[in-house]
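One structure below.
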Amino acid sequence: MTTFVDRVELNVAAGNGGHGCASVHREKFKPLGGPDGGNGGRGGDVILVVDQSITTLLDYHHSPHRKATNGQPGAGDNRSGKDGQDLVLPVPDGTVVLDKQGNVLADLVGQGTTFIAGQGGRGGLGNAALASARRKAPGFALLGEPGETRDVVMELKTVADVALVGYPSAGKSSLISVLSAAKPKIADYPFTTLVPNLGVVTAGSTVYTIADVPGLIPGASQGKGLGLEFLRHVERCSVLVHVLDTATLESDRDPVSDLDIIEEELKQYGGLDDRPRIVVLNKIDIPDGQDLADMIRPDLEERGYQVFEASAVARTGLKELSFALADIVAKARAAKPVEEATRIVIRPKAVDDAGFTVVKEEDGLFRVRGEKPERWVRQTDFNNDEAVGYLADRLNRLGVEEELMKAGARAGDGVAIGPEDNAVVFDWEPTMMAGAEMLGRRGEDHRLEAPRPAAQRRRDREAERDDAQREFDEFDPF
């Protein structure tokens with residue numbers, strides 16, 4: 001049964017926003033109560049949070065679909081809907097979040113680090129919030145915005161200061177068991193270690209973590225054996241420790257060639273050239289192992305390696321090794337730049353930035369893309385004519401119609417608002433036109449089916465003055 005999982009595909013679905021309410025206050029002896037529809041609640045977010053007590057992604061391997069709760073709809077009497085609860089998902093320290101294309105979305109390192117994997121939808125406004133001087137009693141409300149739904153890939157990269165690498169059965173698990181309190185599985189056959197093991201080592205005043213990476217073999221960087229599965233676990237380490245088996249029973253192997261093969265695999269994997277290396281000649285408690293260690297040690301030191309001889313069984317050479325690793329880890333920590341508090345950078349939009357674009361596609365369709373237009377479309381109830389008219393007014397005020405005209409759109413052309421896979425397409429009927437033939441008296445527009453009250457009153461007063469002047473001219477007492 002699988003007990004360790006370091007890569008999963010997770011489907012997250014944030015909560016939908018609640019719909020706004022269209023309601024009119026009704027109470028005895030109060031005939032003009034006005035709109036009192038409340039706003040819908042916000043949908044819950046899906047949040048990933050680092051929890052250092054979690055060491056595997058096993059829970060998400062068994063349950064790969066996670067969904068936050070929806071916001072509640074608004075109600076009459078100005079009652080807003082309840083917000084949806086955020087879904088908090090604990091993940092191990094060192095989890096990397098990627099999209100389906102492999103782009104890194106977040107690198108979660110450190111207790112409490114968070115990442116919003118799915119953004120909850122906004123709640124729709126009720127008709128009380130939509131009321132204005134021109135629209136005193138709206139007969140519609142805005143719909144709640146759908147929550148974000150997407151697939152993410154989570155990969156666990158072990159957060160350790162030291163990584164033990166080497167061939168299977170080189171004695172890595174034995175070393176970590178005596179250097180720390182870790183209790184990995186130890187046996188006399190290859191690939192005993194199937195998952196990375198972590199241990200904590202105390203050397204003087206320095207405390208550091210050490211990871212035992214499952215055995216590497218030729219071709220590990222291309223996926224052979226278990227190498228590709230666990231090479232990612234050495235990416236965050238400060239020092240690499242080559243554990244060489246000086247008592248191998250395989251005639252075609254020797255410690256130096258093992259070292260060269262592992263180094264080639266690390267080179268092929270990439271990103272580890274700057275890490276300091278230490279070589280541990282293990283199993284010197286065996287007579288042949290000590291003799292072989294004495295033979296190859298000068299060659300390794302000529303290459304520039306710091307070489308230690310150790311035996312996990314006899315517990316020799318461990319103190320020198322642990323203090324040497326502590327010294328390298330302490331220097332690596334001191335060389336790291338001091339992390340500064342994250343600055344809040346405010347980047348205001350340009351004055352002439354409308355926040356949307358209009359592009360004419362090859363098939364003659366005009367596509368409008370932008371946060372505001374797309375959100376307004378999602379929140380519109382197209383079964384309500386008044387809501388559709390309100391959307392048209394908002395798009396007009398934003399300047400969408402003007403940009404469509406500049407792009408060459410004509411009445412009857414197809415216009416799509418939103419992405420290709422989820423767009424609202426309609427035949428454009430402009431509500432505004434340009435040209436001298438459309439000019440009239442100030443404040444008047446003969447395209448409107450009914451004249452505005454102010455313009456009608458002005459015309460009535462002008463007619464009364466004309467009638468009075470005509471009567472005066474016709475009256476002649478002499």
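The values are calculated or read from the model by the stated rules, or taken from the named source; none is laboratory data. All values derive from a computational prediction rather than experimental measurement. For neighbour counting, all protein chains shown are included, and Cβ atoms are generated from backbone atoms with ideal geometry for every residue, glycine included. The accessibility values were calculated without ligands, DNA or RNA, using every heavy atom of the protein model including side chains. Shrake-Rupley method; radii C 1.70, N 1.55, O 1.52, S 1.80 Å.
Being open to solvent by less than 40 Å² (accessible area, probe 1.4 Å) and more than 23 Å from Gly18 (Cα to Cα) holds for only one residue in Ala423, Ala387, Ala409, and it is Ala409. Based on this model, can you work out whether Val5 counts as within 30 Å of Val213 (Cα to Cα) and touching a residue at least 24 places away in the same chain (Cβ under 8 Å)? Criteria met by Val5. Residue pairs whose Cβ atoms lie under 8 Å apart, separated by 6 or more positions or on different chains, with the first residue in region 272-289 and within 16 Å of Val256 (Cβ to Cβ) and the second aromatic (Phe, Trp, Tyr) and not in a helix (DSSP H, G or I), are Arg277/Tyr305; Ile278/Tyr305; Ile278/Phe308; Val279/Tyr305; Val279/Phe308; Val280/Phe308; Leu281/Phe308.
Out of Leu272, Leu281, I need the residue that is modelled with pLDDT of 85 or more and either touching a Pro at 6+ places or on another chain (Cβ under 8 Å) or surrounded by 16 or more Cβ atoms within 10 Å (Cβ to Cβ) (or both). Which one?
Working: Leu272 fails: modelled with pLDDT of 85 or more.
From the options Leu272, Leu281, the qualifying one is Leu281.
The set of residues from region 334-349 being under 28 Å from Gly199 (Cβ atoms), modelled with pLDDT under 85 and either open to solvent by less than 100 Å² (accessible area, probe 1.4 Å) or in contact with a Ser or Thr (Cβ under 7 Å, 6 or more places away or on another chain) (or both) comprises just one member, Ala335. Among the conditions (1) farther than 28 Å from Asp385 by Cβ; (2) in contact with a Gly (Cβ under 9 Å, 6 or more places away or on another chain); (3) modelled with pLDDT under 95; (4) hydrophobic (A, V, I, L, M, F, W, C), the only one that Val8 does not satisfy is (2). The residues of region 263-317 that are within 15 Å of Val165 (Cβ to Cβ), in contact with a helix residue (DSSP H, G or I) (Cβ under 7 Å, 6 or more places away or on another chain) and in a helix (DSSP H, G or I), listed by number, are Glu265, Gln268, Tyr269.
Confirm whether Thr192 is among the polar types (S, T, N, Q), at pLDDT below 80 and buried (at least 18 other Cβ atoms within 10 Å of the Cβ). Criteria not met by Thr192.
Here is a yes/no grid of residues against (1) over 20 Å from the mean Cα position of the chain (by Cα); (2) open to solvent by less than 80 Å² (accessible area, probe 1.4 Å); (3) without any contact (Cβ under 8 Å) to a residue 24 or more places away in the chain; (4) closer than 25 Å to Val12 by Cβ:
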{"site": "Lys30", "(1), (2), (3), (4)": "yes, no, yes, no"}
{"site": "Gly38", "(1), (2), (3), (4)": "yes, yes, no, no"}
{"site": "Gly43", "(1), (2), (3), (4)": "no, yes, no, yes"}
{"site": "Val49", "(1), (2), (3), (4)": "no, yes, no, yes"}
{"site": "Thr55", "(1), (2), (3), (4)": "yes, no, no, yes"}
{"site": "Tyr60", "(1), (2), (3), (4)": "no, yes, no, yes"}
{"site": "His65", "(1), (2), (3), (4)": "no, no, no, yes"}
{"site": "Gln72", "(1), (2), (3), (4)": "yes, no, no, yes"}
{"site": "Gln85", "(1), (2), (3), (4)": "no, no, no, yes"}
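Take the conditions among the aliphatic types (A, V, I, L, M), under 20 Å from Val377 (Cβ atoms), touching a helix residue (DSSP H, G or I) at 6+ places or on another chain (Cβ under 9 Å) and crowded, with 19+ Cβ neighbours inside 10 Å and apply them to Ala163. Does it pass? Quick ask: steps written out before the conclusion?
Values: among the aliphatic types (A, V, I, L, M): yes; under 20 Å from Val377 (Cβ atoms): no; touching a helix residue (DSSP H, G or I) at 6+ places or on another chain (Cβ under 9 Å): yes; crowded, with 19+ Cβ neighbours inside 10 Å: yes.
No, not satisfied.
Would you mind stating whether Gly124 is out of contact with any His (no Cβ under 6 Å at 6 or more places or on another chain), touching a residue at least 60 places away in the same chain (Cβ under 8 Å), surrounded by 24 or more Cβ atoms within 10 Å (Cβ to Cβ) and not hydrophobic (A, V, I, L, M, F, W, C)? Criteria not met by Gly124. Restricting region 214-259 to residues that are in a helix (DSSP H, G or I), in contact with a Phe, Trp or Tyr (Cβ under 7 Å, 6 or more places away or on another chain) and buried (at least 19 other Cβ atoms within 10 Å of the Cβ) leaves a set whose member that is modelled with the highest pLDDT is Asp258.
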